[in-house]
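K.L.:
Input: one structure, supplied below.
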Amino acid sequence: MISKSTITIAALLLMGPSAGKAQTGTAAEPVAYTGGEICNPRLHDGGFRYAIGTENIQVMRANRTHPQWQDGFGWTYNHAPNLTYWHGRFYLEYLSNPKDEQQPPGHTLYVTSTDGRHWGKPQVAFPEYKAPKGVGFPKGYYGYIMHQRMGFYTAPNGKLLIVGFYGHSYNPFKEGGIGRVVREVKNDGTLGEIYFIRYSSHTSWNESNTSYPFYTRSKDKAFKAACDALLHDRLKTLQWIDEDRGLDGFYTLKDSINTVQATSYFHRKDGKVVALWKWSYAALSGDEGASWSTPVRCPSLIMAGGKEWGQRTRDGRYAICYNPIETQPYRYPLIAITSDDGIRFDSMCVVHGEVPPRRFMGENKDFGPCYVRGITEGESQPDDSNMWLTYSVNKEDIWVSRVPLPVRTTWSGPVNDDFSDVAPNAAVPNWNIYRSVWCPIWVNEEHQLCLADSDRYDYARAIRVFQTTKNAAVSIRMTVDTENNEPLEIDLTDRHGTRAVCLQLLHGSVTYNGNVVGNYTLGQSFLLNFEYKEGMLSLGGNSYEALHAVNDVERLSIRTGRYRDKPDRNTPNQKAMPPLEGCDDPVAPAIYRIEEVKVR
């Protein structure tokens, strides 16, 4: 159900600027969403249009039974990833606990990629904390975990630092925090020694009662210079504020409400810095972070406890990414809104609209893609025209998204794709790709778009947006190589994802709404032609009523599994249950090869 507050805000937006008192762009409302669209909470993608050409890539799939297929540990709470790019390589860090949020033990891992699309095996960045002999737990705590709001820093001298925060169980903030640690990332991707770079100002931790030396003990002058530069960078260190509120005056932001969390920031076109936080909070600085306006909630940004990410994109525009829903345990979809000036944002669109089943129960493991982060302003950027994002799904698996720039949501002209100009294993232009570790999508040596599926609880999905039309003729030449117990589903949808057509391919038959409408032979190429016109499907000389009559259509979806709408807003988030049966073992793969797709 859409909340009353959501409807009220939407009404204010439609009424225009005079409906509210705050002047957009000022300290009273640093940024605003002016598009007017609101999320449909019944749909995993919220009913929004898609950011055309976005590729969702699973970096790490949790596996408790076969930890060697994951990161060697088999822990199933994986969350809070951070991303950067340095010396031709992507670096991604994430925190990990055995089962539950903020319950020990905990550590931080990192993983690298040369192209952002194919990732290596995670390695430990910050191990489980081992306290010095004789150091006990403060009252109310019983173990140590990792926590991090910031992951990487490229210093003026070129050094790359990876950072994290050690804290105590359940509450690593304030009195529960120990301090922030740092390591150097070497040119070959290995890491230097661990040092503390700042202790919590709420407690009495210091070099005498912690496990690692203070960074000033290092004999590497360049490393110490990099740490000094980080400590003096007001914008970068503002990302630390909710882990240590700075009783010593370390932060220039005067957060009287003591509530801002998970800082991201960017420079607007007018030069002012916008800081964004959870729960729609924002503030402005006109002096590079030396002072800040009082954090305020931006009423047009509807969100809950998931992170909010903002940045200036490579095309000179701006984007803010978040989960546009107020219901805390359900964090989907992941969307982007865009802007020309960094003040007024519109064109809300889907970055990641899939919510697979959560395979492992765990405390506070919210459903959906959340805690999004990109490459922080001032860090190196890959030599491409994409926006790169990272996030967790169900606080279980780690993902990245490659969003082509400029962000587009509509297509003009016909579609005539044969993939002949796509190199093997390269990104597929103009297609929205959702691919997990066990459901890969790739272009093969014969320039065919291949979808495979070995996951009993997820699927591969490829979406092609085409020009909005009332009548669409679709032609797909393809081959079904192998099958399992799940059908291949081919949907034709409107802009909100309502399915006008859903064809199922399984065991040699093409079915529509329970009717066999065609046949195919495994291993043999065949042509599938169908047309949607005036609420009717035409296929093989016969006509059928649309699954749902829609005014127009604009998306072709090819999916290696059945349509899903669970979990939904009524799915219990904390109900104890065992792992999903067989979730740690792949099934026999289904493999499909698509030679060409035409939409007229």
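K.L.:
I'd like to know how segment 131-247 sits against the 2.2 N^0.38 Å rule of thumb: what's its Cα Rg over that expected value? It would help to have the intermediate numbers written out before the result.
P.N.:
Details: Rg = 14.1 Å, N = 117, 2.2 N^0.38 = 13.4 Å.
Dividing the Cα radius of gyration by 2.2 N^0.38 Å gives 1.05.
K.L.:
Report ³J(HN,Hα) in whole Hz for each residue of segment 71-80, in order, from the Karplus equation J = 6.51 cos²θ - 1.76 cosθ + 1.60 where θ = phi - 60°; Gly and Pro get x.
P.N.:
9, x, 10, x, 7, 10, 9, 10, 7, 6
K.L.:
Mean separation of Cα pairs under 8 Å and 6+ residues apart, divided by the residue count of the chain: what relative contact order is that in percent? Working shown, then result.
P.N.:
Working: 1579 pairs, mean separation 90.5, N = 600.
Reported as a whole number, the value is 15 percent.
K.L.:
Restricting the calculation to Cα positions, tell me the Rg (one decimal) and the Dmax (whole number) of segment 479-600 in Å.
P.N.:
When restricted to Cα atoms, segment 479-600 yields Rg and Dmax of 16.8, 52 Å.
K.L.:
Let me check something: with ligands and nucleic acids excluded, how do Glu29, Glu595 order by accessible area (1.4 Å probe), largest to smallest?
P.N.:
Details: Glu29 15, Glu595 45 Å².
Order by accessible area, largest first: Glu595, Glu29.
K.L.:
Also, quick follow-up: When the accessible area of the chain is computed with all protein chains present and a 1.4 Å probe, what percentage of it is carbon and sulfur?
P.N.:
Numbers: 11280 of 22890 Å².
Summing carbon and sulfur atoms, their accessible area is 49 percent of the total for the chain.
K.L.:
If you don't mind, there's one more thing I want to ask. May I ask you to give the average projected area over all directions of the convex hull of the Cα atoms of segment 387-539, in nm² rounded to one decimal? Write out the running numbers ahead of the final one.
P.N.:
Working: hull surface 41.1 nm².
Mean orientational projected area (segment 387-539, Cα hull): 10.3 nm².
K.L.:
Hey, another quick one. Once you charge only the Cβ atoms, +1 for Lys and Arg and -1 for Asp and Glu, what is the size of the charge dipole of the chain about its Cα centre, to the nearest 20 debye?
P.N.:
Details: 65 positive and 67 negative charges, 277 e Å.
Here the size comes out at about 1340 debye.
K.L.:
OK, next. Using the beta-carbon distance between Arg42 and Leu506 and R0 = 25 Å, what value does 1/(1 + (r/R0)^6) give for FRET efficiency, to the nearest 0.05?
P.N.:
On the way: r = 27 Å, r/R0 = 1.07.
The pair Arg42/Leu506 has a calculated efficiency of 0.40.
K.L.:
Let a ≥ b ≥ c be the square roots of the eigenvalues of the Cα gyration tensor of segment 236-278; is it rounded (a/c under 1.5), or, if not, prolate (a/b larger than b/c) or oblate?
P.N.:
Values: a/c = 2.15, a/b = 1.82, b/c = 1.19.
Prolate is the answer for segment 236-278, as a/c is 1.5 or above and a/b outweighs b/c.
K.L.:
For Val260, what is the net charge nearby, where nearby means another residue's Cβ is under 10 Å from its Cβ and Lys, Arg count +1, Asp, Glu -1? Write out the running numbers ahead of the final one.
P.N.:
On the way: positive: Arg245, Lys278; negative: Asp242, Asp255.
Around Val260, the surrounding residues sum to 0.
K.L.:
Taking amide H positions as placed in the peptide plane 1.01 Å from N, state which residues far from Gly179 in sequence (5 or more) or on other chains have amide H under 5 Å from it.
P.N.:
Excluding prolines and chain starts, which carry no amide H, the hits are Tyr166, Ser200.
K.L.:
Which FRET efficiency value, to the nearest 0.05, is calculated for Ser291 and Lys221 with the Förster distance at 25 angstrom and r the Cβ-Cβ distance?
P.N.:
Working: r = 32 Å, r/R0 = 1.29.
That pair, Ser291 with Lys221, gives E of 0.20.
K.L.:
Under 8 Å for C-alpha pairs, at least 6 residues apart: give me the relative contact order for segment 465-545, rounded to a whole percent.
P.N.:
Worked out over segment 465-545, it gives 32 percent.
K.L.:
³J(HN,Hα) across segment 27-37 via Karplus (A = 6.51, B = -1.76, C = 1.60, θ = phi - 60°), whole Hz, x for Gly/Pro?
P.N.:
Those phi angles translate into 4, 6, 7, x, 9, 8, 9, 10, x, x, 7 Hz.
K.L.:
Okay, next question. Straight-line reach only, C-alpha to C-alpha below 21 angstrom: list the lysines that Lys533 could link to, leaving out same-chain residues fewer than 8 apart.
P.N.:
Those lysines meeting the cut-off are Lys470, Lys598.
K.L.:
Can I ask one more? Considering only the other residues whose Cβ falls under 11 Å of the Cβ of Arg89, what net charge follows from Lys and Arg at +1 and Asp and Glu at -1?
P.N.:
On the way: positive: none; negative: Asp115, Asp188.
So the surrounding residues net to -2.
K.L.:
Mind checking the angle between helix 221-231 and the chain's longest principal axis? C-alpha axes, 0 to 90 degrees, to the nearest 10.
P.N.:
Rounded to the nearest ten degrees, it is 80.
K.L.:
Same structure, new question: With every protein chain present, what is the per residue accessible area of the chain (1.4 Å probe, Å²)? Before the final figure, lay out each step's value.
P.N.:
On the way: 22890 Å² over 600 residues.
On a per-residue basis, the chain sits at 38 Å².
K.L.:
What percent does the relative contact order of segment 215-270 come to when contacts are Cα pairs within less than 8 Å and at least six residues apart? Before the final figure, lay out each step's value.
P.N.:
Numbers: 29 pairs, mean separation 16.1, N = 56.
That works out to 29 percent.
K.L.:
Identify, among Ser420, Asn63, Asn97, the residue whose Cα sits farthest towards the positive end of the charge dipole of the chain, taking +1 on the Cβ of Lys and Arg and -1 on the Cβ of Asp and Glu, with the dipole about the Cα centre.
P.N.:
Going by the charge dipole, the pick is Asn97.
K.L.:
Can you give me the long-range amide H partners of Val372? Hydrogens built in the peptide plane at 1.01 Å from N, cutoff under 5 Å, separation of 5 or more residues or another chain.
P.N.:
Correct list: Lys307.
K.L.:
Let me ask something else about it. Once amide H atoms are built 1.01 Å from N in the peptide plane, which residues 5 or more positions from Ala125, or in another chain, come under 5 Å H to H?
P.N.:
Amide H to amide H, under 5 Å and 5 or more residues apart or across chains, Ala125 pairs with Thr108, Leu109, Tyr110.
K.L.:
Going by the alpha-carbon gyration tensor, a ≥ b ≥ c the square roots of its eigenvalues, is segment 330-445 rounded (a/c under 1.5) or, if a/c is not under 1.5, prolate (a/b greater than b/c) versus oblate? Walk me through the numbers before you get to the answer.
P.N.:
On the way: a/c = 1.69, a/b = 1.18, b/c = 1.43.
Cα axes put segment 330-445 in the oblate bin.
K.L.:
Does segment 271-414 classify as rounded, prolate or oblate by the C-alpha gyration tensor (a ≥ b ≥ c root eigenvalues; a/c under 1.5 gives rounded; else a/b over b/c gives prolate, otherwise oblate)? The partial results should precede the final answer.
P.N.:
On the way: a/c = 1.67, a/b = 1.18, b/c = 1.41.
Note, shape of segment 271-414 comes out oblate.
K.L.:
Using a cut-off of 9 Å between beta-carbons, work out the net charge of the residues near Val415 (Lys and Arg +1, Asp and Glu -1, Val415 not included).
P.N.:
On the way: positive: Arg464, Lys598, Arg600; negative: Asp417.
Counting the neighbours of Val415, the net charge comes to +2.
K.L.:
Report, in debye and to the nearest 20, how large the dipole of segment 104-249 comes out about its Cα centre when Lys and Arg carry +1 and Asp and Glu carry -1 on their Cβ. Display every interim value, and only then the final one.
P.N.:
Working: 19 positive and 14 negative charges, 23 e Å.
In debye, rounded to 20, segment 104-249 gives about 100.
K.L.:
Below 17 Å Cα-Cα, how many Lys pairs turn up in segment 119-245? Only count pairs eight or more apart in sequence, or on different chains, if you could.
P.N.:
10
K.L.:
Of His66, His107, which has the most accessible area with a 1.4 Å probe, and how do the rest follow in descending order?
P.N.:
Result of the area sort, largest leading: His66, His107.
K.L.:
Obtain the radius of gyration and the Kirkwood radius of segment 515-576 from its C-alpha atoms and give Rg over Rh. Mind dumping the intermediate values first?
P.N.:
Numbers: Rg = 17.2 Å, Rh = 15.4 Å.
On the Cα set of segment 515-576, Rg over Rh gives 1.11.
K.L.:
What do the square roots of 5 times the Cα gyration tensor eigenvalues come to for the chain, in whole Å, largest first, as semi-axes of the equivalent ellipsoid?
P.N.:
Working: eigenvalues 362, 153, 94 Å².
Over the Cα atoms of the chain, the ellipsoid semi-axes are 43, 28, 22 Å.
K.L.:
Karplus couplings for segment 510-527 from phi (6.51 cos²θ - 1.76 cosθ + 1.60, θ = phi - 60°), rounded to Hz, Gly and Pro as x?
P.N.:
After applying 6.51 cos²θ - 1.76 cosθ + 1.60, I find 9, 10, 9, 6, x, 9, 6, 10, x, 9, 8, 10, 4, x, 10, 5, 9, 10 Hz.
K.L.:
Sort the following peptides by mean Cβ neighbour count (other Cβ atoms within 10 Å, averaged over residues), highest first: 416-423, 546-553.
P.N.:
Working: 416-423: 14.4, 546-553: 16.6.
Going by the mean number of other Cβ atoms within 10 Å, highest first, we get 546-553, 416-423.
K.L.:
With every protein chain in place, what's the accessible area of Leu284 (1.4 Å probe, Å², nearest 10)?
P.N.:
20 Å²
The values are calculated or read from the model by the stated rules, or taken from the named source; none is laboratory data. Because the structure is a prediction, the values reported are computed rather than measured. For neighbour counting, all protein chains shown are included, and Cβ atoms are generated from backbone atoms with ideal geometry for every residue, glycine included. Calculation scope for accessible area: heavy atoms of the full protein, side chains included, ligands and nucleic acids excluded. Shrake-Rupley method; radii C 1.70, N 1.55, O 1.52, S 1.80 Å.
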